[in-house]
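Undergrad: Shown below is the structure under consideration.
Computed from the coordinates by the stated procedures, all read-outs in this text should not be read as laboratory data. Here the structure is a predicted model, which means the values were calculated and not measured. So basically every Cβ, Gly included, is an ideal-geometry build from the backbone, and we count neighbours across all protein chains shown.
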Amino acid sequence: GAVVSQHPSRVICKSGTSVKIECRSLDFQATTMFWYRQFPKQSLMLMATSNEGSKATYEQGVEKDKFLINHASLTLSTLTVTSAHPEDSSFYICSARAVRAGGLTGELFFGEGSRLTVL
Amino acid sequence: DAKTTQPPSMDCAEGRAANLPCNHSTISGNEYVYWYRQIHSQGPQYIIHGLKNNETNEMASLIITEDRKSSTLILPHATLRDTAVYYCIVRVANSGNTPLVFGKGTRLSVIA
């Protein structure tokens, strides 16, 4: 149990285009999802907290108009990188907090990550 | 900022036990010690967590000192597939909307 799936796993896009990354909790409900970004040889950096049915909370220095987050259901959150530029190239990872998942309730599980390359 | 300190890297021979230390001298009474690992180009994988008693599961053992200021993750028989960055994180369990804060972790290299 406690599987979190991200799609796409890899995406290459041209500068100026927008890219949407999906994060799904496959076998549990997640009222809260977190989005992280990881640059090469660095640790994961929290970008934003996504709450189902409400606006996301962004960390300092993360542009909310550039990184649009939508958490429309208890199993899906999306991150849209708008007008992507080469400096947005990174590994994006989501994490979901399990609710109503028996013994797993409250724990955090991670997706496989999505590698974005902007040309 | 992460509230843990880990060595940046360690090597371990295949088949031997890998002992990964973590210092968390400012841990609070209601904070658990969590361990995750990240294999290259994958998302973090949960390994184990504990409060004050030693814990063991199918992946690893977690030894927490009596004063809870440090802990050791033990992989009893390391394989090449255990090569990864291991993160030690302190966090209140089931703590609502609190995310995991990652430090730099320990890069474990298992050598044949």
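Undergrad: Consider segment B:20-64. How many of its residues are surrounded by 17 or more Cβ atoms within 10 Å (Cβ to Cβ) and not in a strand (DSSP E or B)?
TA: Qualifying residue count, segment B:20-64: 5.
Undergrad: Take B:Ala18 and tell me if it is small (Gly, Ala, Ser), in contact with a strand residue (DSSP E or B) (Cβ under 6 Å, 6 or more places away or on another chain) and under 30 Å from A:Cys23 (Cα atoms).
TA: no
Undergrad: Right, next: Checking A:Thr32 against (1) more than 27 Å from B:His40 (Cβ to Cβ); (2) in contact with a strand residue (DSSP E or B) (Cβ under 7 Å, 6 or more places away or on another chain); (3) more than 10 Å from every other protein chain (Cβ to nearest Cβ); (4) touching a residue at least 60 places away in the same chain (Cβ under 8 Å), which test does it fail?
TA: Among (1) more than 27 Å from B:His40 (Cβ to Cβ); (2) in contact with a strand residue (DSSP E or B) (Cβ under 7 Å, 6 or more places away or on another chain); (3) more than 10 Å from every other protein chain (Cβ to nearest Cβ); (4) touching a residue at least 60 places away in the same chain (Cβ under 8 Å), A:Thr32 violates only (3).
Undergrad: Restricting the search to segment A:31-47, which residues are farther than 18 Å from A:Thr75 by Cβ and surrounded by 22 or more Cβ atoms within 10 Å (Cβ to Cβ)?
TA: The answer is A:Tyr36, A:Leu44, A:Met47.
Undergrad: Going through segment A:46-104 one residue at a time, which ones are β-branched (Val, Ile, Thr), within 14 Å of chain B (Cβ to nearest Cβ), in contact (Cβ under 8 Å) with a residue 24 or more places away in the chain and within 17 Å of A:Glu22 (Cα to Cα)?
TA: A:Ile69, A:Ile93
Undergrad: Could you tell me how many of the residues in segment B:82-112 are at the interface with chain A (Cβ under 7 Å from one of its Cβ atoms), out of contact with any Gly (no Cβ under 8 Å at 6 or more places or on another chain) and loosely packed, with under 15 Cβ neighbours inside 10 Å?
TA: 1
Undergrad: If a residue has to be away from every other protein chain (no Cβ under 13 Å) and either under 14 Å from the mean Cα position of the chain (by Cα) or among the polar types (S, T, N, Q) (or both) to count, how many in segment A:12-23 make the cut?
TA: Residues that pass the stated criteria total 6.
Undergrad: Scan segment A:20-30 for residues that are part of a strand (DSSP E or B) and surrounded by fewer than 19 Cβ atoms within 10 Å (Cβ to Cβ) and jot them down.
TA: A:Lys20, A:Glu22, A:Gln29
Undergrad: What about B:Pro76, is it more than 23 Å from A:Leu108 (Cβ to Cβ) and in contact (Cβ under 8 Å) with a residue 24 or more places away in the chain?
TA: yes
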